[in-house]
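> Have a look at the structure that comes next, please.
The values are calculated or read from the model by the stated rules, or taken from the named source; none is laboratory data. Nothing here was measured: the structure is a model prediction, and the numbers come from that model. All Cβ positions, glycine included, derive from the backbone under ideal geometry; neighbour counts span all protein chains shown.
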Amino acid sequence: MAAAHMNTRHRQRSFFCVDDHLVSRSCFFFIIFFVVIAIVFLQTHALKKPLVSLSTSSSSPSSSSASWESDASATVGIKDCARKLENATSRLQNMVKFLPLKDLRFAGKPMYGHTWFMSSINDTIEDNMPLYIHFPSNHTNGRVLCLAGNDRSNGTKNSYALAWRDSLPHGAKLLGGLTIVSDTFYGHNNLWHGQSAVLPIVGWYNMKKVEPARFVLYHKGELRSSRGKWVQSVVDIVFGKRIAYETFDDGRTQPRRHPTCFEEAVVLRHNEGGMPKLKRREVYDLIRKSARKHCNISNTSRSPRTVGLTLFLRKGSRSFKNDSAVIEVFKKECDKVGGCKLGVISPDNLSFCDQVKLMSETDVLVTQHGAQLTNLIFMDRNSSVMEFFPKAWLEYAGVGQYVFHWMADWAGMRHEGAWRDEMDEAKDIKEDRCSFPPKESRCFTYYKDRQIGHNQTYLAHWACQVLRRFKPGGGNLPEDSNSGT
């Protein structure tokens with residue numbers, strides 16, 4: 001009985017011990033839950049209150065009002081600054097001053113110094129570089145170039161200005177990328193004149209390696225939209241594609257009314273002027289190499305013992321009076337030189353690549369003064385040029401008659417002198433005399449495109465002396481000979 005009672009008590013104590021434990025755990029969780037709820041409530045209540053500045057001891061209505069008034073004042077201040085900035089920008093826009101592209105004050109010396117094209121700006125002088133102006137730059141105080149220049153007959157009606165990019169002239173259009181602006185006194189169509197304007201472009205590109213997005217062409221400040229076919233071929237080959245020309249008309253028949261500004265621009269206005277001799281030679285090497293690659297021409301198949309003698313004969317103006325007699329003289333002299341091969345070609349109807357191929361096979365070029373001589377740049381270095389003039393050029397033509405002498409030197413060729421048709425004063429006075437007074441410059445026009453005579457004895461001796469340079473044992477090409485391929 002007592003044992004049973006003891007067991008009962010034990011079971012009851014055990015039972016109550018379990019209950020005490022459960023109650024203790026329940027109370028603990030209840031307290032934790034209550035604390036969490038209280039914290040959440042307090043945080044929520046605190047978030048509903050307005051923020052109080054740390055510098056104040058209480059959040060009074062007056063301090064809140066002051067805060068809103070401060071914000072409103074700041075907003076007014078920002079708007080006032082924006083308005084002032086807008087006014088300043090407008091003033092800068094109104095201050096942009098356009099000047100004539102062609103400044104007639106320098107018409108007497110249009111190609112000297114800063115030239116008459118953009119005469120207010122001096123060029124940048126850099127070693128081994130053509131003279132150029134870069135926009136924007138420190139030289140221009142960070143300003144970009146703007147043009148209002150679409151007149152094709154009067155360069156004084158075209159104008160230019162400098163402006164900061166964030167204050168361009170009213171209504172101006174900004175064109176991205178690099179723009180190359182080229183002005184020349186002589187034109188972009190003729191082979192000689194056109195390549196003279198292209199030379200600094202290729203020189204600048206070869207040094208800077210920046211491809212232009214467009215060209216802007218001027219001739220005496222007058223807008224042009226194309227180059228001559230031969231000149232265009234050279235440009236396309238060097239850049240590997242056709243670069244667009246800016247004509248300021250957006251494809252419409254009417255020109256653009258507002259100015260055009262350029263994100264970046266380079267102005268070249270001296271032709272090859274400012275380029276050192278070695279740099280010019282480097283540029284001609286690049287043009288020669290590019291042209292031969294484009295036309296799939298290689299001189300590796302030519303025998304080193306072959307001498308190519310080419311008579312590149314004009315028809316019409318400045319042609320020979322007797323082509324057959326001149327050809328016969330050179331044929332006889334060529335036959336005396338082992339490996340000499342004579343070719344007689346007219347420049348008419350030759351494609352660009354035909355001309356490149358012909359010149360790549362020519363060691364001695366015989367031709368009259370004229371644009372076709374520009375093809376000499378496609379000959380190998382140390383090749384020879386023999387040039388012919390009508391009578392009276394020496395007396396009346398001025399320094400322009402020496403351009404191909406200079407060009408041959410720049411390109412690494414040898415200019416072997418010139419034959420000038422003889423002036424027979426007695427015969428000229430009687431039969432063919434300029435009607436203007438002696439030494440009158442207008443006489444040049446009278447004689448300029450006359451046919452050219454010849455002296456068989458003189459030509460034979462001259463041809464012999466030149467061809468001896470290529471004759472085995474008689475003085476071959478100099479050691480610095482370079483095929484340019």
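> For the stretch 354-375, what are the residues that are part of a helix (DSSP H, G or I), among the aliphatic types (A, V, I, L, M) and modelled with pLDDT of 95 or more?
Hits for the stretch 354-375 are Val356, Leu358, Met359, Leu373.
> Related question: Please specify each residue of the stretch 276-297 satisfying the condition of being in contact with a Lys or Arg (Cβ under 7 Å, 6 or more places away or on another chain) and of a type in the set (Val, Ile, Thr).
Matches in the stretch 276-297: Ile297 only.
> Name the residues in the stretch 191-219 that are at pLDDT 95 or above, over 13 Å from the mean Cα position of the chain (by Cα) and surrounded by fewer than 20 Cβ atoms within 10 Å (Cβ to Cβ), would you?
Correct list: His219 only.
> In the stretch 309-340, which residues are among the small types (Gly, Ala, Ser) and over 30 Å from Lys448 (Cα atoms)?
Across the stretch 309-340, the qualifying residues are Gly338, Gly339.
> State the number of residues belonging to the stretch 95-120 that are of a type outside the set (Asp, Glu) and free of Cβ contacts under 8 Å to residues at least 60 places away in the same chain.
12
> Additional query: Go through the residues of the stretch 243-261 one by one and say whether even a single one is touching a helix residue (DSSP H, G or I) at 6+ places or on another chain (Cβ under 8 Å), in a loop (DSSP other than H, G, I, E, B) and surrounded by fewer than 22 Cβ atoms within 10 Å (Cβ to Cβ).
Checked the stretch 243-261: at least one residue is touching a helix residue (DSSP H, G or I) at 6+ places or on another chain (Cβ under 8 Å), in a loop (DSSP other than H, G, I, E, B) and surrounded by fewer than 22 Cβ atoms within 10 Å (Cβ to Cβ).
> Right, another one. Return only the number of the condition from (1) of a type in the set (S, T, N, Q); (2) within 25 Å of Ala291 (Cβ to Cβ); (3) not in a strand (DSSP E or B) that Ser153 does not satisfy.
Against the list (1) of a type in the set (S, T, N, Q); (2) within 25 Å of Ala291 (Cβ to Cβ); (3) not in a strand (DSSP E or B), Ser153 comes up short only on (2).
> Separate question: Quick one: which residue in Thr362, Thr367, Thr306, Thr374 is under 30 Å from Leu286 (Cα atoms) and surrounded by fewer than 22 Cβ atoms within 10 Å (Cβ to Cβ)?
Being under 30 Å from Leu286 (Cα atoms) and surrounded by fewer than 22 Cβ atoms within 10 Å (Cβ to Cβ) holds for just one of Thr362, Thr367, Thr306, Thr374, which is Thr306.
> Of the conditions (1) outside any loop (DSSP other than H, G, I, E, B); (2) in contact with a His (Cβ under 6 Å, 6 or more places away or on another chain), Val181 clears all except one; give me its number.
(2)
> While we're here: Being in a helix (DSSP H, G or I) and under 27 Å from the mean Cα position of the chain (by Cα) is the filter here; which residues of the stretch 335-353 pass it?
Residues satisfying the conditions are Phe352, Cys353.
> Can you spot a residue in the stretch 283-300 that is more than 25 Å from the chain's Cα centre (by Cα) and either assigned by TED's automatic domain parsing to the domain that holds Ile237 or outside any loop (DSSP other than H, G, I, E, B) (or both)?
yes
> Further question: Based on this model, can you work out whether Ser153 counts as among the hydroxyl-bearing types (Ser, Thr, Tyr), at pLDDT 85 or above, assigned by TED's automatic domain parsing to the domain that holds Ser182 and under 30 Å from Val283 (Cα atoms)?
Against the criterion (among the hydroxyl-bearing types (Ser, Thr, Tyr), at pLDDT 85 or above, assigned by TED's automatic domain parsing to the domain that holds Ser182 and under 30 Å from Val283 (Cα atoms)), Ser153 does not qualify.
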